[in-house]
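The values are calculated or read from the model by the stated rules, or taken from the named source; none is laboratory data. As the structure is a prediction and not an experimental result, all values here were calculated from the model. Here the Cβ positions follow ideal geometry from the backbone for every residue, glycine too, while neighbour counts run over all protein chains shown. Surface accessibility is based on the protein's heavy atoms, side chains included, excluding ligands, DNA and RNA. Shrake-Rupley method; radii C 1.70, N 1.55, O 1.52, S 1.80 Å.
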Amino acid sequence: MIPTSKEIRQSFLDFFASKNHQIVPSAPMVVKGDPTLMFTNAGMNQFKDWFLGNEPALYNRVADTQKCLRVSGKHNDLEEVGLDTYHHTMFEMLGNWSFGNYFKQDAIDWAWEFLVGKMGLNPERLYATVFEGAADDKLERDDEAANLWLKYLPAGSVINGNKKDNFWEMGDTGPCGPCSEIHVDIRSEDEIAKIPGVELVNKSHPQVIEIWNLVFIQFNRKANGQLEELPAKHVDTGMGFERLCMALQGVKSNYDTDIFQHTIAELGNLCNIKYGDNEKTDIAMRVIADHLRAVSFAIADGQLPSNNKAGYVIRRILRRAVRYGYTFLGFREAFIFKLIEALKETMGAAFHELASQQSLIEKVIKEEEESFLRTLSTGIRLMDDLMAKAKQENRTEIQGKNAFVLFDTYGFPLDLTELIARENGMTVDTEGFQSEMEQQKNRSRNAATQETDDWVEIRKIEQTVFLGYDKFEAEIRIARYRKVTQQKKTFYQLVFDQTPFYGESGGQAGDTGTIEFEGQKWVIFDTQKENNLIVHLTEKMPAAPDETFIAKVNIQKRQNTANNHTATHLLHAALREVLGKHVEQKGSLVNADHLRFDFSHFQKMTEEEIEQVEKIVNARIRENSVREENRKMPVEEAKKLGAMMLFGEKYGSEVRVIKFGESVELCGGTHVNATGAIGLFKIVYESAIAAGVRRIEAVTAEHAEKFVNEHIKILKYIQDSIKSTNDILGSVMNLQKENSELSKQVEIFNREKVKVVKEHLKNRILQENGINIISGEVGMGNPNMVKDLAYQLKGEVENLFLVIGAVIDGKPLLTVMISENIVAEKGLDAGRIVREAGREIQGGGGGQPFYATAGGKYADGLQAAIDKALSFVK
RNA sequence: GGGGGAUUAGCUCAGUUGGCUAGAGCGUUUGACUGGCAGUCAAAAGGUCAGGGGUUCGAUUCCCCUAUUCUCCA
């Protein structure tokens, strides 16, 4: 009986539950509150603070399955995906952890018990690697792990690995340690007979692969590169779920497991191509099946495709999928969104966010696909131009610089440029392209360099105590600090033993304020949160950092922020009341000046809906509901209370619940004591930010008052200046109507005047050598009338040579118009004539051979200029 | 965070040495043809050339700032 992916996942969790592990849900794939990471790229991310010692571990044994995305930074697999059968952008990582509890022995015993005992993998096909040691770090071989493996494996199956493969580090600094990997050989008997598996371990063979990495964290790497032994040792393991399924289901590719096959079959139906028929179309289908997952889960976690940061990464993944579909499967219209139903059928049971967010995911993806198809068609047009130009210049190569512009500025991928070039018998200078790319990378790197010194620890603390819910001011001591230099600017990060400062998180801006000691003040210009660490930023470091300081939060700003935050909760509840329960928070920003709230909703809000929402919020404010706060409520109880849980948020087992009347939310932010403090709430802006997502911006209290007053002031000003008493709108509309009628009148008069002047000039035609010469000064209101006059005369008088002078707004204007045939016959050039004659009015000019104008500063010279112009035909 | 683009009619876009009375296709309206529809033909309406400053006799075009947006890199 072949186990399904669902059964395999469950067996893993059940197994470690039986070993007294706490099973926790997957953290969101999109990381919030960690500046060093955009996406969860390993199972341990959500426990980072426990490893770093920033906060105590809640459990000492944990296991889970974690949604991971590897598309940027150190682990970037994006361009590999699809080409082989085992790389992914998004994947599930099964993991078990020990926080200062068990170590190498249990980790290895249980891994073996699960794989061989529970899941029935053939032990003869398994290999283990252990760290061979490294001289530069003065580390010995990990004999302890090796000996443990020898209980289960023959000596020939325990292999030494180097620092690159078998020493795990989180980053340049931080916790690290040796690791031991389990590899499995899933080749056929025949192949194994030819080459023993042991020779293929870590050789990138698609069927001799690592499935489980057991990391033994025993060191801390400092900024100077040295290692120090950790007091508490941890275990961090990660097993690729897709690979495990492949091994257990007896297939040769991750994509042949039931995790992907349903989606691939559906895709095959859409394009009428069978998976397995052709290498090229197979790659495309794998790319799409993989990217679809990554993008769908990212959107479900609240990360919409956008034009920078994490959102941009998501956009790029989706576009890569569209590109493959476009090139290899012949899709010319959006298609990926149609596969979400199939994905939901496969994974929806384990990850119910797929089902509950399905229509949003579909809309967003469809919109993105369509927008990228437009980008592609623009690129194809530009490509046509480039090729035409190259052919003109007898080149068969598209210059690297041009290909780069196409890519860099217009987002047109290089492989498509090459494809189109090839189809037209041309090539692309990819070396030139790469060198341009290299320059761009250097520019960015130079701009982004940041130097971070080691933390200087003054006193040991377990975790900063946050006092800000109750206090604006407190005695604090600095626990540690470090210097950060970024683009020649230097500032310091301070961590306190306790603090009234709120660190930026949950959309609420960080506090500002001061710390004081004996009359001296240091400004805290921002407070940030890195995971759960509250970091205070200051430009100057106190000379005696081990003193006790008074920390004071900027109260005015904090209160304004609280107004806006509470108003956001009321707004959220009101939107659900007016628009429906499909409204869910997709993003939120709260600072002292205003609030911004993004939420799922599929159409523009009507004026009436906005008005109604505003009305409800203001009514709640007047009700003056008192804040009911519970800082440590079990998450299950909060759910029962009807608190809104957001997808894409990580919740601990105990949560803070904020209740104002009907509004119940899980929230770590700071709020008003009673809604009355908000005073007034005004929506100032409603717009779309993506398919299916709207944004509201609003202001409260003084800012709302100011907003209203300014509008009233403007209205009053209008009322005063149009001398209207009651019907302002009617008066303005009347004025507009009158204005347009008057403009039309002026237009008519002007035309009439041009006509009169024209007739007058026609009566003064001077014939000379078969040329009809007209000249004179005319009084015209604007240059366009003169132009009009000239063109009319050209149409009505043959063989014309016209010179007109006019003074408009005190400035002289000279116009010359010559019939085209005269230009040709006599070799005249109106442009040259006005340039020469223009000197008489201290100006210059130009135009075309038959029509040119010149302007100047010296109006008295106008007649001389006219004479000068006439001298060209006389 | 750094670089490169874009912003012209309701929509998609042309508009290169600064001066072609600012254009095309689609759409809209009207009229004609057809028994009706589909359609074909003809005509018209529709533009503060994103906003602000500057250079110039003259700016959609060149320069600077702002806003919005796209795109690449980190």
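Using the Karplus relation 6.51 cos²θ - 1.76 cosθ + 1.60 with θ = phi - 60°, the per-residue 3J(HN,Hα) values for segment A:722-729 come to 9, 6, 9, 9, 10, 8, 5, 4 Hz, with x marking Gly and Pro.
Each part gets one Cα centre, and for segment A:242-256 versus segment A:275-344 those centres are 21 Å apart. Global dimensions of chain A from alpha-carbon coordinates: Rg and Dmax equal 36.7, 118 Å. Under a 5 Å amide H cut-off, with hydrogens placed 1.01 Å from N, A:TRP168 pairs with A:GLY177, A:CYS179 among residues at least 5 apart or on other chains. For A:MET645, no residue has an amide H sitting under 5 Å from its own, ignoring neighbours fewer than 5 places away on the same chain, with H placed 1.01 Å from N.
Would you mind telling me the share, in percent, of accessible area of chain A contributed by carbon and sulfur at probe 1.4 angstrom?
Whole-percent figure for carbon plus sulfur exposure: 47.
Surface exposure of chain A, expressed per residue as accessible area with a 1.4 Å probe, stands at 48 Å². For segment A:451-553, the alpha-carbon coordinates run over 37, 35, 25 Å along the three principal axes, in decreasing order. Sequentially through segment A:386-393, phi angles give Karplus couplings (6.51, -1.76, 1.60; θ = phi - 60°) of 4, 5, 4, 5, 4, 4, 4, 8 Hz, Gly and Pro residues having no value and appearing as x.
Modelled this way, with points 7 Å down the Cα-to-C-beta line, the labels at A:THR548 and A:ALA232 are 2.8 nm from one another. Charging the Cβ of each Asp and Glu at -1 and of each Lys and Arg at +1, and nothing else, the dipole of segment A:5-256 about its Cα centre rounds to 400 debye.
Report the gain in length on full extension from A:LYS713 to A:GLU431: 0.36 nm times residue separation, minus Cα-Cα distance, nm rounded to one decimal.
Contour length minus the Cα-Cα distance gives 95.3 nm.
In this structure, the amide hydrogen of A:ILE808, modeled 1.01 Å from its nitrogen in the peptide plane, lies closer than 5 angstrom to those of A:LEU813, counting only residues at least 5 positions away or on a different chain. Between the C-alpha center of segment A:661-720 and that of segment A:504-544 there is a gap of 28 Å. Candidates A:ASN782, A:ALA388, A:ALA300 compared by Cα position along the dipole of chain A: farthest toward the positive end lies A:ASN782, with charges placed on Cβ. For chain A, what is the mean residue ellipticity at 222 nm derived from helices alone (per DSSP H run of n ≥ 4: -39500 (n - 2.57); sum divided by total residues; nearest 500 deg cm²/dmol)? Only helices count here, giving -12500 deg cm²/dmol.
For segment A:302-311, the Karplus equation 6.51 cos²θ - 1.76 cosθ + 1.60, evaluated at θ = phi - 60°, returns couplings of x, 9, 7, x, 8, 9, 7, 6, 4, x Hz by residue, with Gly and Pro reported as x. About its Cα centre, the dipole of chain A is roughly 2100 debye, where the only charges are +1 on Lys and Arg Cβ and -1 on Asp and Glu Cβ.
Averaging the Cα positions of each part gives two centres, and for segment A:751-804 and segment A:837-867 these lie 16 Å apart. The gain in end-to-end length when the A:ASN782 to A:LYS483 segment is fully stretched comes to 101.2 nm, 0.36 nm per residue minus the alpha carbon separation. Mean separation of Cα pairs under 8 Å and 6 or more residues apart, divided by the residue count, gives chain A a relative contact order of 7 percent.
With respect to chain A, whose longest principal axis is taken over its alpha-carbon atoms, helix A:607-623 is tilted by about 50°.
One decimal place: the segment A:ASN278-A:LYS557 gains 94.1 nm when fully extended, by the rule 0.36 nm per residue minus the C-alpha distance.
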